[in-house]
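Everything below concerns the one structure shown next.
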Amino acid sequence: MRCSYRKKIIYGVITILIFIIFSHPGLYGRSSYEFIEKHNILKYLHEEVNVNLTSNAFTNCDYHDIINDETTLSPNLIEGDLVEGHGIRDGGEYIPQDCRPRFSTAIIVPYRDRAEQLRGFLVYMHTFFRRQRIHYRIFIIEQVDSRPFNRAKLLNIGAVAAINAGFPCIVLHDVDLLPLRPSNLYACTKQPRHMSSSINKFRFVLPYLTLFGGVISIRTSQYKMVNGMSNEYFGWGAEDDDLYSRLRACNFKICRFGPEISQYHMFSHKLQRKGKLRSDLLSFARKRMAADGLSSLHYLEVATVLHPLFTHIMVDL
């Protein structure tokens, strides 16, 4: 009996160890990958500002010290408040006053039912951006209907708003991700960039090389060239892989910064329902891209409100 009992314990321990090993996100992931070296980052950035931008500053902003910033911010910043005199305009727009920015970026966040997380995100991101000396504006695109969440379509709606506002660069950004390194400049590179390649949830390991989700930056001209993202992905999953397929079809090569720069903190949240048709949609991603995306975007705009920290666009899909 004792021998049998010991065998059960041993087998149980072995089973648990095997499960831990094979469920480890870094098992097949990449702790290292091809990336733009720090000393080359400025050379690979796409320098362009909003057509409507005006600045009274006499000198251009310099970004060498930002790229070489070794500090890490704490996610606990979400629990604080913004300092007085932060200079943020209604709609969540900020323009540096002491120098002329060389980059204009629209941050687009698809959103529904995460009020507390959104509050912390806004406080953190505005604090983060103060150190980057870029011109930026935060767009929150909220789905107000009861259909399954459609992240990609919300991003398309935000992209259209950013394009109409004159932004040459957009960052597609999940609300549960916070950048930890100020050196992770929120500006577009010449090629589309996967910005969140080093996330705490995955032990700061890139799960697979073709991952293109979480936070990405892309020039608006490139986003229009691939017709944006598919509007058909209701529910969780595969819309990022669809976008990656579109980019590859147009011969774009994604790029990244180094793992130490690309660190993000992900907050825990409830898992969303997986999209029922995501596998079938992904199988024909390239064939659908000409007819499914920005060119076929239809929705009802319920309201657009310029809040002190963000532009709030509420839509019914």
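Readers should treat all values here as calculations from the given coordinates under stated rules, not as data from a laboratory. Not measured: the values here are computed from a predicted model. Reconstructed Cβ throughout: ideal geometry from the backbone, glycine too, with neighbour counts over all protein chains shown.
Overall, region 156-220 carries a charge dipole of about 220 debye about its Cα centre when +1 sits on the Cβ of Lys and Arg and -1 on the Cβ of Asp and Glu, all other atoms neutral. Summed over qualifying helices (DSSP H, 4 residues or more, each -39500 (n - 2.57)) and divided by its residue number, the chain shows a 222 nm mean residue ellipticity of -8000 deg cm²/dmol.
Simple point charges give the picture: +1 on the Cβ of Lys and Arg, -1 on the Cβ of Asp and Glu, and for the chain a dipole about the Cα centre of about 1480 debye.
Positive end of the dipole of region 100-149 (Cβ unit charges, origin at the Cα centre): among Phe121, Pro148, Gln132, the Cα lying farthest that way belongs to Gln132.
Once the Cβ-Cβ distance of Ser268 and Thr54 is raised to the sixth power relative to R0 = 51 Å, the FRET efficiency obtained is 0.75. Dipole magnitude for region 182-242: computed about the Cα centre from +1 point charges on Lys and Arg Cβ and -1 point charges on Asp and Glu Cβ, it is near 380 debye.
Pairwise inverse Cα distances across the chain, averaged and inverted, put the Kirkwood hydrodynamic radius at 20.7 Å. Annotation: the antiparallel percentage among DSSP beta bridges lying fully within region 101-253 is about 35.
Of the residues Pro110, Ser262, Phe252, the one whose Cα sits farthest towards the positive end of the charge dipole of region 33-316 is Phe252 (charges of +1 on Lys and Arg Cβ, -1 on Asp and Glu Cβ, taken about the Cα centre). As I understand it, the value is the acute angle between the Cα axis of helix 151-164 and the longest principal axis of the Cα atoms of the chain; what does it come to in degrees, rounded to 10? Helix 151-164 sits at roughly 10 degrees to that axis. The chymotrypsin sites (Phe, Trp or Tyr not before Pro) of region 35-72 that DSSP puts in a loop, and whose beta carbon has at most 12 other beta carbons within 10 Å, are Phe58. When the chain is treated as a GNM with alpha-carbon contacts under 10 Å, the residue of Asp62, Asp240, Asp176 showing the greatest mean-square fluctuation is Asp62.
Of the residues Ile134, Ile67, the one with the fewest other Cβ atoms within 10 Å heads the list, and the complete ranking is Ile67, Ile134. In terms of distances greater than 27 angstrom between alpha carbons, the cross-link table entries Lys43/Lys201; Lys153/Lys190; Lys43/Lys287; Lys201/Lys224; Lys43/Lys253; Lys201/Lys287 yield Lys43/Lys201; Lys43/Lys287; Lys201/Lys224; Lys201/Lys287.
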